[in-house]
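As structure tokens, the structure follows; a few thoughts come after it.
Nothing in this text is a laboratory measurement; each read-out follows from the coordinates by a stated rule. Remember, predicted model here, so these are calculated numbers, not experimental data. Cβ: placed from backbone, ideal geometry, glycine included. Neighbour counts: every protein chain shown.
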Amino acid sequence: MKKVKIHITLKEGVLDPQGKAVQNSLNTLGYDGVGEVRVGKYMELFIEDSADIEKQVEEMCRKLLANPVIENYDYTIEEGVTQ
Amino acid sequence: MKFAVVVFPGSNCDRDMYHAAKDALGEETELVWYQDANLDAYDAILLPGGFSYGDYLRSGAIASTSAIVTELKKQAEKGVPILGVCNGFQILLESGLLPGAMLRNKNLKFMCRFENLVVENNKTMFSSAYKKDEVVSIPIAHGEGNYYCDPETLAELKANNQIVFTYQNNPNGSVSDIAGIISKEGNVLGMMPHPERAVEDLLGSADGLKLFQSMLENWREHYVAGA
């Protein structure tokens with residue numbers, strides 16, 4: 001069993017109103033140094049190991065998990081057990 | 001003319017859409033559960049608004065993987081008119097039937113109110129009953145209606161006259177004030193505002209009815225002898 005960690009982030013240049021609101025809140029709390037916040041998603045997938053696991057994950061990201069129009073994705077594949 | 005209103009788990013404007021086509025327009029209309037994937041028997045397909053699959057992952061993303069999308073693509077290729085409103089538009093974007101994607105509204109708020117739309121292109125099968133540059137009052141009801149596409153796609157949309165409706169006062173941050181776009185082939189329209197909620201004066205506006213009338217007139221011209 002492999003544990004796949006996937007990060008999905010908004011592409012550069014794509015407006016992130018949620019990140020902007022979080023940034024404003026952090027500034028309100030006194031963290032004046034925070035200039036920009038971008039909110040993304042983190043997912044963990046537990047997948048049976050196979051020779052083409054990377055190809056599968058790549059496809060999953062492209063077809064469903066991320067929307068390539070607005071989002072980038074990256075992932076790592078490591079040993080893992082289901083929780 | 002026979003309309004299909006596709007119902008997904010989480011659709012909530014399906015009855016409004018049904019009412020618009022069946023009662024306001026007066027044509028034969030059926031509610032079709034998304035798993036009953038054969039749409040061959042219909043002259044037009046309506047994808048209603050709502051929150052299909054609870055908007056999990058991204059609005060429309062989960063619905064776009066269901067078998068009905070393969071069927072929609074088949075019907076789109078045949079030239080069957082497909083109208084996606086709100087969540088229906090999001091499903092069309094997520095399934096690649098229309099270009100671009102939706103982001104959260106710029107102000108992060110769910111907005112439900114009438115907006116003035118400008119008819120940018122009245123030479124489509126969905127907008128021929130409007131005048132070019134006509135301003136119509138049609139309600140929006142969405143939290144993720146901030147249309148986004150890259151500059152190349154936007155240039156293409158403009159060059160091909162694919163922008164059908166724009167907002168007079170952009171409420172959500174959409175690029176180029178886009179409220180609704182059509183496919184290059186001209187038979188798939190996606191829009192965030194709800195024409196089906198503006199089909200009689202009792203609802204506050206009847207401006208949306210012309211959209212359904214356009215579809216009917218176009219169908220008659222093409223398929224009814226002597227029309």
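For the reader, a short list of remarks on this structure follows.
- The calculated FRET efficiency for A:Glu12 paired with B:Asn161, based on their beta-carbon distance and R0 = 22 Å, is about 0.15.
- Extension reserve of the B:Val224-B:Asp201 stretch, reckoned as 0.36 nm per residue once the Cα distance is removed: 5.3 nm
- Cross-link reach is defined here as a Cα-Cα straight distance under 14 Å, omitting same-chain residues fewer than 8 places apart; for B:Lys74 the aspartates and glutamates meeting it are B:Asp40, B:Asp43, B:Glu185.
- Proximity of backbone amide H atoms, modeled 1.01 Å from N, is registered between A:Lys11 and A:Glu71, A:Asn72 at under 5 Å, excluding neighbours fewer than 5 places apart on the same chain.
- Dividing the summed -39500 (n - 2.57) terms of all DSSP H runs of n ≥ 4 by the residue count of chain B sets its mean residue ellipticity at 222 nm at -6500 deg cm²/dmol.
- Here the simple spin-label model places points 7 Å from the Cα toward Cβ, and for A:Lys5 and A:Lys20 these points are separated by 3.1 nm.
- FRET E, pair A:Ile77, A:Lys41, Förster distance 25 Å, beta-carbon r, rounded to 0.05: 0.90
- Equivalent-ellipsoid semi-axes of the stretch A:2-78, from the Cα gyration tensor, Å, largest first: 32, 14, 8
- Rounded to 5, percent antiparallel among DSSP beta bridges of chain B: 60
- At q = 0.20, 0.21 Å⁻¹ the log10 of I(q)/I(0) for the stretch B:3-44 amounts to -0.57, -0.63, computed by Debye summation with a single uniform scatterer per C-alpha, solvent ignored.
- Cα→Cβ-extended label distance, 7 Å offset, between B:Lys109 and B:Asp23, nm: 3.0
- Estimated distance in nm for a label pair at A:Asp32 and B:Asp40, the labels positioned 7 Å out from Cα along Cα-to-Cβ: 7.1
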